[in-house]
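A.B. asks: Questions regarding the structure given below will be posed in turn.
The values are calculated or read from the model by the stated rules, or taken from the named source; none is laboratory data. Keep in mind that what you see is a predicted model, and the values were worked out from it rather than measured. No Cβ is skipped: glycine too gets one built from the backbone with ideal geometry, and neighbour counts run over all protein chains shown.
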Amino acid sequence: MTDIQSNLTNASKQLAESSDSALLDAEVILCHVLNKSRSHLRAWSEKELSAAHQSQFLTLIKQRQQGTPVAYITGNREFWSRDFSVSPDVLIPRPDTELLIELSLDLLANKPNASIIDLGTGSGIIAITLAAERPDLKIIACDSSLPALAIAQQNAHQLKTPSVQFIQSNWFNEIAPEKFDLVISNPPYIDCNDIHLSQGDVQFEPKSALIADDTGLKDIKKISHHARYFLKQNGTLLIEHGFDQQEAVQAIYDNYKYSQIKTHADLSGNPRVTSAQWNKNES
């Protein structure tokens, strides 16, 4: 059978052993092939697929069966109700990171024209989402990877946020002296020996955006150290981290003399982002 429903049924069976969301994966991939919505699949479940569409669908299902993330197959992923382009050069956006957006919008609610730097921007989801929600913000987004910056700039164009300034920089290395109201980052924070690196989507994502030395804390320490020289008085540092790194990150902040240190939980209730204020003169 070559109708939509039969293809979805067969594909979900094919993916059952390799995916916890086999039917959803099959639906998303077929929507990508047909350039249609999931509601279209249900409304036209008996519609025959063309030979070309069926061949493409089966090829992509095989890629998914081999573990390739759906986001890399379709080339996009939703974040904060917007579609972002992604590729194997960038991390796949995750709902946990939306906590950074919530916290940033709350922090800057009464600060018109505030300035932000997004360190390690990847696909640009943080900087672009904030620019879309608050067009008045002055936002710099940096990444050491040129391919990642190309994806971020593509997303900025697609989502009409031309105000975001993109800079190639390894953290603050190439950033001119400037003071920001908010320094924000979702840096690499996974230890190289973490078993999750060989599981699920993570095994296909860029290791440079995932792994950090010093049990996953090296980049967090570096950002925390240098951010003090780029934050305005009472400016805020926001860093996403692993669910089991809350105490370590708080200790890093405390060591660098930040104040108002607080950890915030993600949608699953896990400690995910730690914030702090800088209210001392440069040291």
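A.B. asks: Since I92 meets every condition but one in (1) farther than 23 Å from V202 by Cβ; (2) modelled with pLDDT of 95 or more, which condition does it not meet?
C.D. replies: Result: I92 passes all but (1).
A.B. asks: Okay, moving on. Let me confirm something: among L99, L91, L103, which residue is within 30 Å of A127 (Cα to Cα) and assigned to a loop (DSSP other than H, G, I, E, B)? Talk me through it step by step, then tell me what you get.
C.D. replies: Working: L99 fails: assigned to a loop (DSSP other than H, G, I, E, B); L103 fails: assigned to a loop (DSSP other than H, G, I, E, B).
The unique qualifying residue is L91.
A.B. asks: Restricting to the stretch 93-122, count the residues that are surrounded by 20 or more Cβ atoms within 10 Å (Cβ to Cβ) and not aliphatic (A, V, I, L, M).
C.D. replies: Of the residues in that region, 7 qualify.
A.B. asks: Does the stretch 32-50 hold any residues that are assigned to a helix (DSSP H, G or I) and in contact (Cβ under 8 Å) with a residue 40 or more places away in the chain, and which are they? Walk me through how you get there before you give the answer.
C.D. replies: Residues of the stretch 32-50 assigned to a helix (DSSP H, G or I): 32-34, 38-43.
Across the stretch 32-50, the qualifying residue is only H32.
A.B. asks: Scan the stretch 120-138 and give yes if some residue there is among the aliphatic types (A, V, I, L, M), within 20 Å of S224 (Cα to Cα) and touching a residue at least 40 places away in the same chain (Cβ under 8 Å), otherwise no.
C.D. replies: So the first thing to find is which residues in the stretch 120-138 are among the aliphatic types (A, V, I, L, M), and the list is 125-128, 130-132, 137.
With within 20 Å of S224 (Cα to Cα) added as a condition, the list becomes 126-127.
Filter again for touching a residue at least 40 places away in the same chain (Cβ under 8 Å), leaving 126.
Checking the stretch 120-138: at least one residue is among the aliphatic types (A, V, I, L, M), within 20 Å of S224 (Cα to Cα) and touching a residue at least 40 places away in the same chain (Cβ under 8 Å).
A.B. asks: Within the stretch 201-283, considering only strands (runs of 3 or more DSSP E) that don't extend past its boundaries, which have at least 1 residues that are surrounded by fewer than 16 Cβ atoms within 10 Å (Cβ to Cβ)?
C.D. replies: Working: elements: 231-240, 259-265, 271-278.
The qualifying strands (runs of 3 or more DSSP E) are 231-240, 259-265.
A.B. asks: If T59 satisfies all but one of (1) among the β-branched types (V, I, T); (2) farther than 16 Å from I239 by Cα; (3) part of a strand (DSSP E or B), what's the number of the condition it fails?
C.D. replies: (3)
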